[in-house]
């Protein structure tokens, strides 16, 4: 890896050194360029740089010069250079002028090519008397002016001499005139060169778009890695610059055929993309080297640049163009901060900091070179080095990202190598633990199963209940082995019967413990103390639960919901009181029709938190001097999930079910309720709570 870093670094250095050479000695002087001794072979291309004749605020055509207008004494203008940047005399940014250059060619006739670069202002170009290129609309004021930018390669045959005449007008750009070199040479060589540049640029646009999309997708799947989002934006910003001002077929198609790239759109897109690059790069570097960067500094850079880009988006080019130079200064400050961060990261030997620094320095040096080149100071004889520098920067980023992915994969491979051994060791541990857990589960299950035997012994038997209530059923379905629901029955003589259906807090083992407490308390209240009225039973049961669980002292809120019925068979009366659980009974009404009646319970629990001084329950009296079927139950049946939509059975459906089966023999009622709830749960839904339903039919006199 160390040698690869050195190879990349020295390749960049050699690239710059190979491009450094002195300016060509063939330059024009006083509006004339002598190329009569030039051998325009297959590779000969000459930049028409140097002194051109310059006519300020005059739009002269070859016809004007033919009529003797050339008697006017011209000024001199260096090309390529903005007419605002002459060291001796500068001209106003906005205005118009004519450039003229006479070129002495070899005596024999041959085919030449002239490459007219982007002039960045409205322009007309003549070769001798022929108008070969016109882009935009030349005018002497903003009202008559329209800027368009498009390069063009023209072909012509000539011998001895040609004269180039170029009219330029500018009213919306901060630089004016011939800012890039006009090139003359062998047509085939120029054609191949422009085609190569076009294909190369399009290739970079495609690569940038693919890289940007790829890193957007990476960010979509790994949103915690924000550096991939920043890198994706960098790729798209550079691609946008190349699309709106690049030398390629796509640019010409959008410009000429679609008319999308007006100068306003081009300039806004170009400068917004350019100025956003540095703040986005700061965000990218900040993600990589958080300890070396200040979030506040990055935020300031992004906010200030965002505000300026919004300004560019709103106003026309003639307004924002003069402000570009000030924003360039601000961006320069951000670049210095970026360099400072990278130098600090490199000194601290952060990962890939040296490569990042090389990439940023490449872009910075290329920007300095392009700025000096536009002022006529040639360090590297390439007029626009920034795209190449961006390419170097992106290649370094690709290398860095690839290296990080490679390191991640290496770690995964190392983990994979050791994983099998660790898995085997862990499997042995888990297998041993599994056996231990299975043994403990067996012991616990055996204990709970034995507890079920104890709980079953606590419950009254069917035979005991049937002796006094021959027509009854009990649908009892614990969710687990033992249940938090329980039923209770006791007879006092032949005529008084006390029946209860209770639903304790919880289910399984905790609920079973509560059921034993409830059973013992009922035995004590009814059998030992002789309390048989349902409301008084509930009152004493509430006090007993709170005392047993010490709920006055702690925050325990366990308890139960319960229905208590006392049957006085001699007087044909049923007394009922309920804590949360109601009573349903079916009798014939005065219209000789069966009717299901609900007797509501008190909305008070047995046990748990108590705000009132005394918890009093309501007693209800029901005459059973006619055939009566009544039901007491827990909430497990109506709360069970099932059906096609996975919903609760609900109270309404439970009541309708009871009424629909009340006329059946009591055994068939039990079977109907059991089959209904089993079908309701089906194979998809498990039982969520204990289920208890008691049904009792009493005959009339």
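Values quoted throughout were computed directly from the atomic coordinates according to the rules given, and no laboratory measurement underlies them. What you are looking at is a predicted structure, and each value in this text was computed from that prediction instead of being measured. Neighbour counts are summed over all protein chains in view; Cβ atoms, including those assigned to glycine, are modelled from backbone coordinates with ideal geometry.
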Could you order the peptides 329-338, 646-655 from most to least packed, using the average number of other C-beta atoms within 10 Å per residue?
329-338, 646-655
Roughly what would the spin-label model give for residue 221 and residue 417, points 7 Å off Cα along C-beta, in nm?
2.6 nm
Mind giving me the FRET efficiency for residue 144 and residue 250? R0 is 25 Å, r the Cβ-Cβ distance, nearest 0.05 is fine.
0.25
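Could you calculate the FRET efficiency of residue 594 with residue 467 from 1/(1 + (r/R0)^6), where r is the beta carbon distance between them and R0 is 25 Å, rounded to 0.05?
0.35
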For segment 459-698, would you read off the P(r) tail past 25 Å as a percentage of all alpha carbon pairs?
40 percent
Apply the Kirkwood formula to segment 146-208: the hydrodynamic radius equals the inverse of the mean of 1/r over all pairs of different alpha-carbon atoms; give it in Å with one decimal.
14.9 Å
Based on the alpha carbon coordinates of segment 23-189, what radius of gyration and maximum Cα-Cα distance (Dmax) apply, in Å?
15.3, 46
Note the full-extension length gain between residue 45 and residue 196 as 0.36 nm times their separation in residues minus their Cα-Cα distance, in nm to one decimal.
52.9 nm
Per DSSP helix of 4 or more residues, -39500 (n - 2.57); summed, then divided by the residues of the chain. What does that give at 222 nm, rounded to the nearest 500?
-15500 deg cm²/dmol
The Cα extents of segment 123-232 along the principal axes, largest first and rounded to whole Å, are 66, 40, 16
If one computes the Cα centroid of segment 183-258 and of segment 120-160, what distance in Å separates the two points?
27 Å
Mind checking the angle between helix 263-288 and the chain's longest principal axis? C-alpha axes, 0 to 90 degrees, to the nearest 10.
60 degrees
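Report the gain in length on full extension from residue 614 to residue 429: 0.36 nm times residue separation, minus Cα-Cα distance, nm rounded to one decimal.
60.9 nm
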Just order 528-534, 578-584 by mean Cβ neighbour count inside 10 Å, highest at the front, would you?
578-584, 528-534
Kirkwood Rh, Cα atoms: Rg over Rh of segment 555-701:
1.01
For residue 351 and residue 85, what is the calculated FRET efficiency with R₀ set at 41 Å and r taken between the beta-carbons, to the nearest 0.05?
0.40
Expressed as a fraction of 2.2 N^0.38 Å, the rule-of-thumb size for a compact globular protein of N residues, what is the C-alpha radius of gyration of segment 127-170?
1.41
Helix 187-221 axis, angle to the chain major axis (alpha carbon atoms, nearest 10°):
20 degrees
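If the viscosity is 1.567 mPa s and the temperature 4 °C, what Stokes-Einstein diffusion coefficient in µm²/s follows for segment 223-355 when Rh is the Kirkwood radius over Cα pairs?
80 µm²/s
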Under 20 Å by backbone N from the virtual spin label 7 Å along Cα-to-Cβ at residue 684, the residues of segment 463-494 are none
With everything on Cα atoms, drop me the angle between helix 508-522 and the longest principal axis of the chain, reported from 0 to 90° to the nearest 10.
30 degrees
In nm², what is the average projected area of the convex hull enclosing the Cα atoms of the chain?
53.3 nm²
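Just order 535-547, 430-442 by mean Cβ neighbour count inside 10 Å, highest at the front, would you? Numbers along the way, then the final one.
On the way: 535-547: 20.8, 430-442: 10.4.
Highest to lowest by the protection proxy: 535-547, 430-442.
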